1. Please list, short to long, the whole-number percent of alpha-carbon pairs of the stretch 151-270 in consecutive 10 angstrom bins beginning at zero.
2. Placing +1 at every Lys and Arg Cβ and -1 at every Asp and Glu Cβ, with all other atoms neutral, what dipole size does the chain have around its Cα centre, in debye to the nearest 20?
3. Relative to the longest principal axis of the chain, what angle (0 to 90°, nearest 10) does the C-alpha long axis of helix 77-86 take?
4. Hey, any idea what % of the stretch 137-270's accessible area is carbon plus sulfur with a 1.4 Å probe?
5. Under a 10 Å cutoff between Cα atoms, tell me which one of LEU27, LEU157, LEU247 has the largest fluctuation in the Gaussian network model of the chain.
6. Apply the Karplus curve 6.51 cos²θ - 1.76 cosθ + 1.60, θ = phi - 60°, to the phi angles in the stretch 125-136 and return the couplings in whole Hz, x for Gly and Pro.
7. Give the relative contact order (percent, whole number) for the stretch 190-264; include only Cα pairs under 8 Å separated by 6+ residues.
8. Which order do you get for SER25, SER246 if you rank them by accessible area with a 1.4 Å probe, largest at the top?
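The values are calculated or read from the model by the stated rules, or taken from the named source; none is laboratory data. Note that the coordinates shown come from a computational prediction; the quantities given were computed from them, not determined experimentally. In this analysis, Cβ positions are derived from the backbone assuming ideal geometry, glycine residues included, and neighbour counts consider all displayed protein chains. These accessible areas exclude ligands, DNA and RNA; they are computed on the full protein's heavy atoms, side chains included. Shrake-Rupley method; radii C 1.70, N 1.55, O 1.52, S 1.80 Å.
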Amino acid sequence: MNPFKQLLRRSGQQPLLGTWLLSASPLLAEAAGHAGFDFGVIDMEHGPLDMAEVVHLLQAIGGTRMLPLLRVPWNDTVTIKRVLDAGATTVLVPFVQNAAEAAQAVAAVRYPPQGVRGMAGMSRAARFGMQADYMAQANKHIAVVVQIETEAALAELELIAAVDGVDALFIGPTDLSASMGLPGQLTHRRVMDALAQAARRCHAVGKPIGSIGVEPALLAQIRAAGYDFLAVDSDLGLFMQAARQSLQALRGRDTAEHVHDLAAGTRAVG
Ligand code: 3PY
Ligand code: MG
């Protein structure tokens, strides 16, 4: 069975906790794994990653207990084929708008006759040809998580969740807020209500659901709504937070203010 699906089943009432990997740094990805995150999202949609970097991140994470979710830049059959060959076993597909698009994502991860994934024996996924049963097992082994991140997609939630091969849904609160005419207002009541309602509806049809809590109030709401897996923070976000806090403690003021003074030529020592 797919390790992410297995972990979701085992986790019981506690949500799985993951983080976002945006920095293209295998070292930070490995460190995140050792820090204890259950999953790490390798983000090709918004992170500056090409396929070689994806391989290096998968290799780094492979030495830890953290499970990789590979977010592809788009619901694109060719990219999905390439990340699967690189060894991804769970793909996160952004902006899935309806059941037909969800079915397209599922077809991309399955070899014919169930799908359209192109075949190659000499792949990292098949241990360079050493895993003889890879092709026989892959269709059952790969998991698909589709992102719901517009109001139009929310309206189709049950139909998307019902597509054979969709293993879980993931709400993208930032894009959802934009589609609701509230760009970036993640803690707006309407956005938070939509998140809570999505969890209820998804659970009513028996599918796990995940999201990301980029702000404490949003995170609290997502936890209270019973989400099954949550991403918190990111490698870059954690670094920036720690770096700014550390400088603020030494300077007694935030970087934004400091940079403003530097620009104005009034640098204060401290
Ligand atoms: C979103 O919030 O739009 C995402 O895709 C996850 O960060
Ligand atoms: Mg998004």
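1. 12, 33, 24, 16, 10, 4, 0
2. Details: 22 positive and 25 negative charges, 118 e Å.
Roughly 560 debye, rounded to the nearest 20.
3. Approximately 90 degrees, to the nearest 10.
4. Working: 3700 of 6470 Å².
Exposed carbon and sulfur together represent 57 percent of the surface.
5. LEU247
6. 4, 8, 6, 6, x, 7, 9, 4, 9, 3, 5, 6
7. Value for the stretch 190-264: 22 percent.
8. Values: SER25 30, SER246 65 Å².
Putting SER25, SER246 in descending order of accessible area: SER246, SER25.
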